[in-house]
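J.: Would you mind keeping the following structure in view while I ask a few things?
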Amino acid sequence: MAAWLLLLLLAASSSSSATADEDAFVGVNIGTDLSDMPHPTQVVALLKAQQIRHIRLYDTDRGMLVALANTGIQVVVSVPNEQLLGIGQSNSTAANWVSQNIVAHYPATNITAICVGSEVLTILPNAAKVLVNALKYIHSALVASNLDRQIKVSTPLSSSIILDSFPPSQAFFNHSWNPVLVPMLSFLQSTGSYLMLNIYPYYDYMQANGVIPLDYALFEPLPPNKEAVDSNTLLHYSNVFDAMVDAAYSAMAFLNFTNIPVIVTESGWPSKGDASEPDATLENANTYNSNLIRHVLNKTGTPKHPGMAVSTFIYELYNEDTKAGPVSEKNWGLFDANGVPIYIMHLTRSGNVLSNDTTNQTYCTAKEGADEKMLQAGLDWACGPGKVDCSVLLQGQPCYEPDNVAAHATYAFNTYYHKMGKDADSCDFNGVAALTTTDPSHGSCLFPGSLGKNGTLVNVTAPSLNSTSADSSADDFHCGAFTSIVIMIGVIFHFAVYL
């Protein structure tokens with residue numbers, strides 16, 4: 001049975017670049033091959049609700065970059081493969097790209113890195129000849145704008161270009177790509193950037209024909225006698241992910257580059273597959289991503305580099321139902337297009353970073369002792385312009401009792417708060433509301449965000465794309481711009497009603 005609960009991705013890093021001596025973070029990739037792609041404001045509401053502080057975009061969509069402004073979310077943007085040839089052949093084209101897509105949005109939108117293409121060597125090999133030039137041209141444009149220290153430039157590589165990846169100590173890159181890789185690594189080293197690597201243990205497992213145990217691919221605990229041992233270093237490997245990261249370090253060392261950190265730009269596991277993909281399941285996706293998150297945030301590092309941050313972007317935020325290919329290609333997401341989680345993450349053993357299996361449940365309630373007239377004004381606003389469905393507060397409905405302003409306001413405030421993606425600013429209501437971790441549900445009145453008696457999440461998704469006018473007025477209200485004049489009008493109105 002598929003369980004629906006929310007994910008917590010808590011990023012531990014607050015700086016603008018990810019290097020080996022910084023805290024590790026977990027981010028997410030945001031693909032857009034959806035038949036009903038959520039509006040950028042809905043995407044950002046979901047990111048805020050899940051405390052996701054690092055994301056990677058596959059383009060520089062203006063709507064997304066505008067929606068991300070002033071959120072503090074760290075953003076990696078991309079030069080799509082189809083634009084690579086033009087940029088790699090023209091310094092001025094690269095400069096224009098940076099001007100329009102980076103300078104126009106930074107620093108309001110916290111852009112921290114640029115992916116120049118994606119898996120170019122394996123997906124678009126004909127463009128490999130201009131890849132290094134594209135990296136350099138983009139970086140030169142950043143230098144001209146005094147942004148080269150704040151924004152790193154790199155290109156994600158498929159881990160498949162690493163040959164003989166086990167034992168990791170003797171791994172090396174496909175020699176045919178050395179004419180590209182050597183100058184590329186020299187560029188990364190000279191600019192203080194990092195090697196971006198896409199690691200998919202799912203594919204390694206599927207292609208190994210039983211040689212790789214499923215538990216080894218899923219980060220599941222293995223007894224010492226089942227771990228893979230590097231015969232050269234005698235280091236024990238308990239999962240594919242760590243072995244591949246160390247293989248990347250060895251492959252770079254083979255080319256005499258030893259101080260370039262690795263960041264994993266894609267990793268994940270599909271939750272559904274066709275008949276030929278029996279291990280693409282909800283449980284395996286849950287297990288892999290939960291273990292991956294815990295592994296990264298606990299700063300475990302790898303056997304060769306213990307304690308070294310291996311920051312990782314999970315592939316991906318949404319299931320992409322219009323993506324071509326087998327069923328699994330459409331089912332890598334953590335959420336569906338409505339923001340409903342695909343499965344609950346097993347995160348209980350993550351120490352102080354992640355507190356429980358859900359999302360550190362929070363609720364918005366009326367402050368104890370708050371002025372009843374102010375509560376009534378906030379209640380009316382939530383049930384009116386705020387577009388909260390308050391029908392459960394009517395007489396005879398589950399949340400009618402207790403019949404007082406504070407109780408009814410608490411239900412309306414909390415519903416609005418969850419509707420806005422649990423944005424802390426949406427729980428204010430001119431100072432009469434406050435956040436709590438105590439579930440205010442009672443009897444048959446289940447509040448949004450409550451797990452209820454049977455552990456089933458009472459869900460309110462992000463605001464609808466069609467409710468733009470409500471979103472606008474909502475922002476004014478919960479950001480404190482709902483003036484005392486409007487409050488007084490509401491109070492006068494209620495006096496008139498009750499008289």
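J.: Where a Cα-Cα gap under 18 Å defines reach, which aspartates and glutamates qualify for Lys323, not counting those fewer than 8 residues away within the same chain?
T.: Candidates past the 8-residue exclusion: Asp33, Asp36, Asp59, Glu82, Glu119, Glu266, Asp274, Glu277, Asp336.
J.: Determine, for each peptide in 386-397, 139-150, the mean count of other beta carbons within 10 angstrom over its residues, then list the peptides with the highest first.
T.: 139-150, 386-397
J.: Follow-up question, since we're still on this one. Out of the total accessible area of region 363-436 (probe 1.4 Å, heavy atoms of protein only), what percent is carbon and sulfur?
T.: Using a 1.4 Å probe with all protein chains present, region 363-436 comes out at 48 percent carbon and sulfur.
J.: Provide the FRET efficiency to the nearest 0.05 for the Leu124-Ser190 pair, computing r from the beta carbons and using R0 = 25 Å.
T.: 0.50
J.: Order the peptides 221-229, 96-104, 423-431 from the highest to the lowest mean number of other Cβ atoms within 10 Å of their residues.
T.: 423-431, 96-104, 221-229
J.: While we're on this one: In square angstrom, what is the accessible area per residue of region 363-436 with a 1.4 angstrom probe?
T.: 42 Å²
J.: A further question on this structure: With a 10 Å radius around each residue's Cβ, average the other Cβ atoms per peptide and rank 83-90, 238-245, 277-284, highest first.
T.: 238-245, 83-90, 277-284
J.: Let me ask you something else. From the phi of every residue in region 162-168, what ³J(HN,Hα) in whole Hz does the Karplus formula 6.51 cos²θ - 1.76 cosθ + 1.60 yield, where θ is phi - 60° and glycine or proline is x?
T.: Listing the rounded values in order: 8, 9, 6, 6, 9, x, x Hz.
J.: Same structure again: In sequence order, what are the phi-derived ³J(HN,Hα) couplings for region 99-104 according to the Karplus relation 6.51 cos²θ - 1.76 cosθ + 1.60 with θ = phi - 60°, rounded to whole Hz, with x for glycine and proline?
T.: After applying 6.51 cos²θ - 1.76 cosθ + 1.60, I find 4, 7, 10, 10, 4, 5 Hz.
J.: Further, regarding this structure: Ordered by residue, what ³J(HN,Hα) values in Hz, to whole numbers, does region 375-392 give under the Karplus form 6.51 cos²θ - 1.76 cosθ + 1.60, where θ = phi - 60° and Gly and Pro are x?
T.: 4, 5, 5, x, 4, 5, 5, 4, 7, x, x, x, 6, 7, 7, 9, 5, 6
J.: Can you give the FRET efficiency to the nearest 0.05 for Glu368 and Gln150, using r as the Cβ-Cβ distance and R₀ = 45 Å? Display every interim value, and only then the final one.
T.: Working: r = 45 Å, r/R0 = 0.99.
Efficiency computed from Cβ-Cβ geometry: 0.50.
J.: Applying 1/(1 + (r/R0)^6) with R0 = 30 Å to the Cβ-Cβ distance of Thr436 and Thr322, what FRET efficiency is obtained, to the nearest 0.05?
T.: Computed FRET efficiency for Thr436 and Thr322: 0.15.
J.: For Glu368, Glu316, what's the largest-to-smallest order of accessible area, 1.4 Å probe?
T.: The ordering from most to least exposed comes out as Glu368, Glu316.
J.: Ok, one more. Which of rounded, prolate, oblate describes region 363-436, given a ≥ b ≥ c as roots of the alpha-carbon gyration tensor eigenvalues and a/c under 1.5 marking rounded, otherwise prolate only if a/b is larger than b/c?
T.: Oblate shape, in that a/c is at least 1.5 and b/c is the bigger or equal ratio.
J.: Further question: May I ask what percent, to the nearest 5, of DSSP beta bridges between residues of region 22-335 are antiparallel? Before the final figure, lay out each step's value.
T.: Values: 5 of 32 bridges.
Rounded to the nearest five, the antiparallel share is 15 percent.
J.: At 0.36 nm per residue, and after removing the present C-alpha to C-alpha distance, how many nm does the segment from His175 to His236 gain when stretched out fully?
T.: Extra length from His175 to His236 when fully extended: 19.2 nm.
J.: When only alpha-carbon atoms count, how far does region 157-306 stretch along each of its three principal axes, as whole angstroms with the largest first?
T.: 44, 33, 30
J.: Straight distance only, please: which lysines reach the Cα of Lys152 with their own Cα at less than 28 Å, same-chain residues fewer than 8 apart left out?
T.: Leaving aside lysines fewer than 8 places away in the same chain, those within reach of Lys152 are Lys48, Lys129, Lys136, Lys299, Lys304.
J.: Write down the accessible area per residue of region 194-303 in Å², having rolled a 1.4 Å probe over the full set of protein chains.
T.: 38 Å²
The values are calculated or read from the model by the stated rules, or taken from the named source; none is laboratory data. As the structure is a prediction and not an experimental result, all values here were calculated from the model. All Cβ positions, glycine included, derive from the backbone under ideal geometry; neighbour counts span all protein chains shown. Each accessible area value is taken on the protein alone, full model and side chains, heavy atoms only, with ligands, DNA and RNA left out. Shrake-Rupley method; radii C 1.70, N 1.55, O 1.52, S 1.80 Å.
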